[in-house]
Amino acid sequence: MGKQFQKQVRALSKTLLSFLILVLFIFGGLYYWANYTPQSDIVEIPLEETADDYDKVENGVHVATGFIDDKGMEATIQNCTACHSAKLVTQNRMSREGWKATIEWMQETQNLWDLGANEELILTYLSKNYAPTDKGRRQNLEDIEWYELK
Ligand code: HEC
């Protein structure tokens, strides 16, 4: 082999090596750039504010609103927390008639919409779970074994 040829081979391999290193740098840089996330862009979202948490029920109580978990709760939340806090509802105790009258009063004076088929559901839910507790008189004793005084 001539000296000239050896020189050419060496020059060519140097060029190839430089080219290879350049390609590695370019792809390495691109890879790094594509995966780069500045630390300041990562914002931690508190768990309480995520949407899945809205449905959470703990000890039979809907955590986000404080409503007792029972049939009709969803319709009640949807229709009764749009204008005022859920507390205004849950702190009240009324009979079915009382709840119906309150709803009618809001419909007549506060622009509460027609509840349609949900009215039955909501009234049953409210009168069952938010019934008057103070009856003024104790409830009848049931299943009592009476005994004769001697
Ligand atoms: C369109 C708005 C609106 C919606 C929806 C609504 N309310 Fe009201 N409600 C009001 C307003 C206004 C008041 C009066 C608030 C006040 O006194 O500060 C009120 C008051 C009340 C009160 C207190 C009444 C009193 O005597 O103090 C209760 C209980 C109540 N709402 C229950 C409900 C229930 C149950 C629902 C669902 C069926 C409901 N609200 C949906 C507007 C609404």
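The figures follow:
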quantity: Sole residue being farther than 30 Å from HIS62 by Cα and either in contact with a strand residue (DSSP E or B) (Cβ under 8 Å, 6 or more places away or on another chain) or at pLDDT below 90 (or both), chosen from ILE42, ILE26; calculated: ILE42
quantity: Residue selected from the stretch 89-145 under the condition touching a Leu at 6+ places or on another chain (Cβ under 8 Å) and not in a loop (DSSP other than H, G, I, E, B), by the criterion farthest from the ligand (Cβ to nearest atom); calculated: ARG96
quantity: Residue count, the stretch 69-83 (criterion: within 13 Å of the ligand (Cβ to nearest atom) and either closer than 21 Å to PRO132 by Cβ or touching a strand residue (DSSP E or B) at 6+ places or on another chain (Cβ under 8 Å) (or both)); calculated: 5
quantity: Any hit, the stretch 97-106, residues being at negative phi, touching a Gly at 6+ places or on another chain (Cβ under 9 Å) and surrounded by fewer than 16 Cβ atoms within 10 Å (Cβ to Cβ); calculated: no
quantity: Neighbours by Cβ (under 7 Å, 6+ apart or cross-chain): first from the stretch 70-91, over 15 Å from ASP114 (Cα atoms); second surrounded by 11 or more Cβ atoms within 10 Å (Cβ to Cβ) and among the small types (Gly, Ala, Ser); calculated: ALA86/GLY66; LYS87/GLY66; THR90/GLY66
quantity: Some residue of the stretch 134-142 being farther than 25 Å from VAL63 by Cα and of a type in the set (A, V, I, L, M, F, W, C); calculated: yes
quantity: Among (1) in a helix (DSSP H, G or I); (2) closer than 18 Å to TYR130 by Cα, the one test that TYR54 misses; calculated: (2)
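The values are calculated or read from the model by the stated rules, or taken from the named source; none is laboratory data. Nothing here was measured: the structure is a model prediction, and the numbers come from that model. As a convention, Cβ positions derive from the backbone with ideal geometry for all residues, glycine included, and neighbour counts pool all protein chains shown.
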